[in-house]
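Structure, as structure tokens:
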Amino acid sequence: MLITTEEIESIIGSPKKNVEKYWPLIIAEMDHVGVNKVSFQVAILATIGVECAQFKPVREKGDKSYFDKYELRKSLGNIKPGDGFKYRGGGFIQLTGRGNYKSCGEAIKVDLENSPDRILEDNISVKALLWYLTSHGVNTWAERAYTINDEWDEDFCWRKIRRLVNGGLTAYPKFAKYAEKFKKAALT
């Protein structure tokens, strides 16, 4: 079952016009990639809820000095002075680092490394969202959250997804709350 724009607006509190614009694009890309399952919809929506509650592609906020924390971080592929700010978080999931922009751009056939601001373009941001989540196995862990057994439980799976997207458990309680509400909405 498809989670409706009304349910998204109600659960996240996102502006109606943004949800109406972007949710159909996300669903169409999920269909194109072949990963349109309710479990993955839940994971995507919970992720968007904590990463960009306005339900539109955004850039990570802060003055240039704030992004010094990303400067020359090899784990992000930042190899030149200025990379921290240039490749700051962008899109629906806050894609961060030269390495991610390069890999994503290669996968979706857009030169994001040399044009990082393109991450804010509608179709590019949607493609980047699906590329990142599927290439990091979020769709698999979302499905596992729906298949509770002795190996894993739902909370374990949601925590795993949060770590895959964020690197840690930042905003996990909010993510888990959204995941539970979207799962309940999908089942009714």
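Near P24, within a Cβ-to-Cβ distance under 15 Å, what is the net charge of the other residues, with Lys and Arg +1 and Asp and Glu -1?
-2
Can you give the charge dipole size of the chain about its Cα centre, rounded to the nearest 20 debye, using +1 on the beta carbon of Lys and Arg and -1 on the beta carbon of Asp and Glu?
Numbers: 29 positive and 25 negative charges, 106 e Å.
That gives the chain a dipole magnitude of about 500 debye.
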Among the trypsin sites (Lys or Arg not before Pro) in the stretch 40-83, which ones are in a DSSP loop with at most 13 other Cβ atoms within 10 Å of the Cβ? Mind listing them?
K61
Quick check on the chain: helices-only [θ] at 222 nm, where DSSP H runs of length 4 and up contribute -39,500 (n - 2.57) each and the sum goes over total residues. Nearest 500, please.
-17500 deg cm²/dmol
Over 14 Å, how big is the tail of the calculated P(r) for the stretch 100-159, in percent of all Cα pairs?
58 percent
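Which value, in debye to the nearest 20, gives the size of the charge dipole of the stretch 31-117 about its Cα centre, when Lys and Arg are +1 and Asp and Glu are -1 at the Cβ? Walk me through the numbers before you get to the answer.
Numbers: 14 positive and 11 negative charges, 30 e Å.
Around 140 debye, computed over the stretch 31-117.
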Extending each Cα 7 Å along its Cβ direction at K16 and T147, get the distance between those two points in nm, one decimal.
4.0 nm
In units of 2.2 N^0.38 Å, what is the alpha-carbon radius of gyration of the stretch 24-111?
1.22
Counting only heavy atoms of the protein chains, get the accessible area per residue of the chain (1.4 Å probe) and round it to a whole Å² value.
49 Å²
When we measure straight from the Cα of K37, which aspartates and glutamates land under 15 angstrom away, once same-chain ones fewer than 8 places off are left out?
E29, E143
For the chain, report the % of Cα-Cα distances exceeding 25 Å.
32 percent
Listed residues W131, M30, T188: farthest to the positive end of the dipole of the chain (Cβ charges)
W131
Sticking with the crude label model, points 7 Å out along Cα→Cβ, report the distance from K37 to D63 in nm, one decimal please.
4.7 nm
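The values are calculated or read from the model by the stated rules, or taken from the named source; none is laboratory data. Bear in mind the structure is a predicted one, so any value in this text is a computation, not a measurement. We place every Cβ from the backbone using ideal geometry, glycine too, and count neighbours over all the protein chains shown. Accessible surface areas use protein heavy atoms only, side chains included; no ligands, DNA or RNA. Shrake-Rupley method; radii C 1.70, N 1.55, O 1.52, S 1.80 Å.
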